[in-house]
Ligand SMILES: NC(=O)c1ccc[n+]([C@@H]2O[C@H](COP(=O)([O-])OP(=O)(O)OC[C@H]3O[C@@H](n4cnc5c(N)ncnc54)[C@H](O)[C@@H]3O)[C@@H](O)[C@H]2O)c1
């Protein structure tokens, strides 16, 4: 187990652990009675690492689609949890990207008037952005993110190795969120980002291709720190692979793709 960050929220503090050994001992994610809600692709791709979780009778596998994030589709998941005799002192554990996070957080907020939940984000978007902030948003039919709650997980476990299997579009989506986190920091931050945006965009479109080998993150040097940015920065370990774009933007390789 490596470093931990403590994030303050309206419900008290919660922790973010950077844990590169998670897949060698996933049993440590069980705490008391746990009910795992796992992204079906993650379950397929990491079947042998995660067998202790996947073989557990309380584990529920969910295809991460926007259709499955609709309230109508959460009902069968809730029914499964009830069949599995979920109780208020049990814990839900989400493992997946933003979709599994939103479904789990929403159920944890409402089922039995609230259950504790933990989160193992497996996409770049979820590791770098959505895991911080406590929000859940689910869809009503085709109306996206119309229902939701604020309900922080009790703890978050970030394992950068999960990013190795992401598809290009999901890496790009995460890169977009990282840019957003910095762009909304304020007028000055936005202007500094805008000044180098064309070069950044060119890098992402051309130099960094093929994206399958793109385990890079962007670090913005002189921007104010907040929890999201601290998480993003901590994903960077390979200082020798830094490429600078303009004055502010560094592109760095992460731990998940060391040569
Ligand atoms: N609650 C929040 O604060 C918040 C913030 C931003 C976005 N969101 C929501 O998050 C959703 C998008 O989430 P996302 O981009 O994290 O991805 P996602 O959950 O939509 O997953 C994208 C794809 O990646 C797959 N996947 C997940 N982990 C993988 C891995 N390690 N290897 C290979 N494939 C993997 C999934 O199966 C899916 O096919 C949207 O519904 C959005 O509304 C929520």
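The values are calculated or read from the model by the stated rules, or taken from the named source; none is laboratory data. Here the structure is a predicted model, which is why all the values come from computation and not from measurement. All Cβ positions, even for glycine, are placed from backbone atoms using ideal geometry, and neighbour counts span all protein chains on display.
Which of the residues that make up the range 19-46 are part of a strand (DSSP E or B) and within 16 Å of the ligand (Cβ to nearest atom)?
Taking the range 19-46 and keeping what is part of a strand (DSSP E or B), we get 34-39.
Matches in the range 19-46: 36, 37, 38, 39.
Taking the range 76-90 only, how many residues are farther than 13 Å from residue 108 by Cα and surrounded by fewer than 11 Cβ atoms within 10 Å (Cβ to Cβ)?
Step one: list which residues in the range 76-90 are farther than 13 Å from residue 108 by Cα, which gives 76, 79-80, 83-85.
If we keep only those that are surrounded by fewer than 11 Cβ atoms within 10 Å (Cβ to Cβ) as well, we get 79, 83, 85.
Qualifying residue count, the range 76-90: 3.
Under 9 Å between Cβ atoms, at least 6 apart or on separate chains: pull out the pairs that start in the range 68-90 with a residue that is under 15 Å from residue 114 (Cβ atoms) and assigned by TED's automatic domain parsing to the domain that holds residue 41 and end on any residue that is within 16 Å of the ligand (Cβ to nearest atom) and assigned to a helix (DSSP H, G or I).
Pairs found: 78/107; 78/110; 81/107.
Can you pull out the residues in the range 135-153 that are more than 8 Å from the ligand (Cβ to nearest atom) and surrounded by fewer than 19 Cβ atoms within 10 Å (Cβ to Cβ)?
Those that are more than 8 Å from the ligand (Cβ to nearest atom) and surrounded by fewer than 19 Cβ atoms within 10 Å (Cβ to Cβ): 140, 141, 142, 143, 146, 147, 149, 150.
Quick test of your reading of the structure: residue 119 fulfils all but one of (1) over 21 Å from residue 40 (Cα atoms); (2) in contact (Cβ under 8 Å) with a residue 24 or more places away in the chain; (3) touching a strand residue (DSSP E or B) at 6+ places or on another chain (Cβ under 8 Å). Name the failing condition by number.
In the conditions (1) over 21 Å from residue 40 (Cα atoms); (2) in contact (Cβ under 8 Å) with a residue 24 or more places away in the chain; (3) touching a strand residue (DSSP E or B) at 6+ places or on another chain (Cβ under 8 Å), residue 119 misses (1) alone.
Which numbered condition in (1) more than 21 Å from residue 152 (Cβ to Cβ); (2) under 20 Å from the mean Cα position of the chain (by Cα); (3) modelled with pLDDT of 95 or more is the only one that residue 79 fails?
Exception for residue 79: condition (2).
If a residue has to be part of a loop (DSSP other than H, G, I, E, B) and touching a strand residue (DSSP E or B) at 6+ places or on another chain (Cβ under 8 Å) to count, how many in the range 64-102 make the cut?
Here the count works out to 6.
Quick one: in the range 47-58, of everything that is more than 16 Å from the ligand (Cβ to nearest atom) and part of a helix (DSSP H, G or I), which residue is farthest from residue 163 (Cα to Cα)? Let's see the steps before the verdict.
Filtering the range 47-58 down to residues more than 16 Å from the ligand (Cβ to nearest atom) leaves 51-52, 55-58.
Remaining after also requiring part of a helix (DSSP H, G or I): 51-52.
Numbers: 51: 19, 52: 21 Å.
Filtering first and then ranking leaves 52.
Going residue by residue through the range 119-133, is there one that turns out to be surrounded by fewer than 24 Cβ atoms within 10 Å (Cβ to Cβ) and more than 9 Å from the ligand (Cβ to nearest atom)?
no
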